[in-house]
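The structure appears below as structure tokens.
The values are calculated or read from the model by the stated rules, or taken from the named source; none is laboratory data. Small disclaimer: the values here were computed from a predicted structure and weren't measured. All Cβ positions, glycine included, derive from the backbone under ideal geometry; neighbour counts span all protein chains shown.
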Amino acid sequence: MTDAPLVRVEHLTHVYPGSDGKKAVDDVSFEIKEGETFGLVGESGCGKTTTGRMLVRLLDITSGSVLFDGKDITSLRGKELLDYRRQAQIIFQDPYASLDPRKKVRDIIAEGIDIHHLAKDREDRDAQVSRLLASVGLRPEHLTRYPHEFSGGQRQRIGIARALATRPRFIVCDEPISALDVSIQAQVVNLLRSEQKARNLTYLFIAHDLSMVKYISSRVAVMYRGKIVETGPADAVYENPLHPYTKALISAIPLPDPENERTRKRIPYAPREQDLRGTLREVDDGHYVLGE
Ligand SMILES: Nc1ncnc2c1ncn2[C@@H]1O[C@H](COP(=O)(O)OP(=O)(O)O)[C@@H](O)[C@H]1O
Ligand SMILES: [Mg+2]
């Protein structure tokens, strides 16, 4: 990991057409260093997916900018946009909806290889697909099967192989384990981590609760109603939350010890105007909070 930011997001905003000017993402700024996992958390509907999709340019950026490796990718088009999309991939939340049911696994994994012309010939394409399949823990006989023949965890492995196929530098992992059985969530997270190490990948890891994100991220940002309300080192945010929304979010995490869980106090969050006004201010080293 180096200190140079690979991804720099500045004042990013998105307004969906027909939403009366409501900002689904409202003036969001953060940086992700090369090789780092940056966690983005918050309840459903707060704007996480919208942010992630803008970062990989699957969704238009209404205002603000994204710099990738120092280059402004906010309004790239044509060949340059295609090249950016090769480098910036996404793994989707729903491993059922995100794989084309009519395609065999081989062709799903090869989607990016084909779009970006990354194979010399048929043989090279097959060899690349086979290597990817093995690296996500699937077997050669899986190549000719269809998505419906797989479990949720296996489908997410296919989605990961598809994302890795273009040899990206950056991957948005949009709640990649939320739809999976608790029993296999750790396996998929471990796969993402080992691939990250092996390929020096940079991740934006999106989740709705902080417990998993704390474990895999070096830094996190907490979103509420389209805004980042707190950001900082994962440990600091988790151990010493500053914003009332973050406190509520952490108090909602169940505790493993039954005795502690029985006496756990949940802090409700009642939004107050003054907690959501102004700009992020630094309270501790690299730890920022919103509010006046
Ligand atoms: N395609 C869309 N058209 C209009 N509004 C949308 C669309 N997708 C999401 N939204 C709205 O944008 C906000 C943020 O959504 P989203 O980014 O999906 O949140 P999250 O991923 O945190 O659950 C929500 O209010 C949601 O209803
Ligand atoms: Mg989402």
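Things to note:
- Among the residues making up the stretch 88-107, a single one is over 23 Å from Glu141 (Cα atoms) and small (Gly, Ala, Ser): Ala88.
- Breaking point among (1) of a type in the set (A, V, I, L, M); (2) part of a helix (DSSP H, G or I); (3) loosely packed, with under 15 Cβ neighbours inside 10 Å, for Ile113: (3)
- Test: residue in the stretch 261-275 that is in contact with a strand residue (DSSP E or B) (Cβ under 6 Å, 6 or more places away or on another chain) and either surrounded by fewer than 19 Cβ atoms within 10 Å (Cβ to Cβ) or over 30 Å from Ala165 (Cα atoms) (or both): no
- Enumeration of residues in the stretch 249-292 that are touching a residue at least 12 places away in the same chain (Cβ under 8 Å) and over 23 Å from Asp27 (Cα atoms): Ile250, Ser251, Ala252, Ile253, Arg264, Lys265, Arg266, Ile267, Pro268
- Matching residues in the stretch 184-206 - criterion: being in contact with an Asp or Glu (Cβ under 6 Å, 6 or more places away or on another chain) and of a type outside the set (S, T, N, Q): Ile206
- Residue check for Thr166: surrounded by fewer than 20 Cβ atoms within 10 Å (Cβ to Cβ), over 16 Å from the mean Cα position of the chain (by Cα) and under 22 Å from Thr51 (Cβ atoms): yes
- When Ile171, Ile177, Ile206 are checked against the criterion of being within 12 Å of the chain's Cα centre (by Cα), within 11 Å of Ile91 (Cβ to Cβ), within 16 Å of ligand 2 (Cβ to nearest atom) and without any contact (Cβ under 8 Å) to a residue 40 or more places away in the chain, a single residue qualifies: Ile177.
- Which numbered condition Val7 fails, given (1) out of contact with any helix residue (DSSP H, G or I) (no Cβ under 9 Å at 6 or more places or on another chain); (2) under 17 Å from Val172 (Cβ atoms); (3) part of a strand (DSSP E or B): (1)
- Each residue in the stretch 38-94 was checked for being buried (at least 22 other Cβ atoms within 10 Å of the Cβ), away from ligand 1 (no atom under 16 Å from the Cβ) and in a loop (DSSP other than H, G, I, E, B), and 1 pass.
- Qualifying residue in the stretch 253-264 (condition: part of a loop (DSSP other than H, G, I, E, B), within 28 Å of the chain's Cα centre (by Cα) and closer than 19 Å to Thr231 by Cβ): yes
- For the stretch 62-105, a residue qualifies if it is under 17 Å from Ala163 (Cβ atoms), touching a residue at least 40 places away in the same chain (Cβ under 8 Å) and acidic (Asp, Glu), and the qualifying residues are Asp94, Asp100.
- For Tyr245, the conditions (1) buried (at least 19 other Cβ atoms within 10 Å of the Cβ); (2) touching a strand residue (DSSP E or B) at 6+ places or on another chain (Cβ under 8 Å); (3) at pLDDT below 90; (4) not β-branched (Val, Ile, Thr) are fulfilled apart from (3).
- Contact annotation: residue pairs with Cβ atoms under 7 Å, 6 or more positions apart or on different chains, pairing a residue in the stretch 36-50 that is hydroxyl-bearing (Ser, Thr, Tyr) with a partner that is within 6 Å of ligand 1 (Cβ to nearest atom), are Thr50/Ala24.
- Some residue of the stretch 11-31 being within 16 Å of ligand 2 (Cβ to nearest atom) and closer than 17 Å to Ser217 by Cβ: yes
- Qualifying residue in the stretch 91-107 (condition: aliphatic (A, V, I, L, M), over 30 Å from Glu43 (Cβ atoms) and out of contact with any Asp or Glu (no Cβ under 6 Å at 6 or more places or on another chain)): yes
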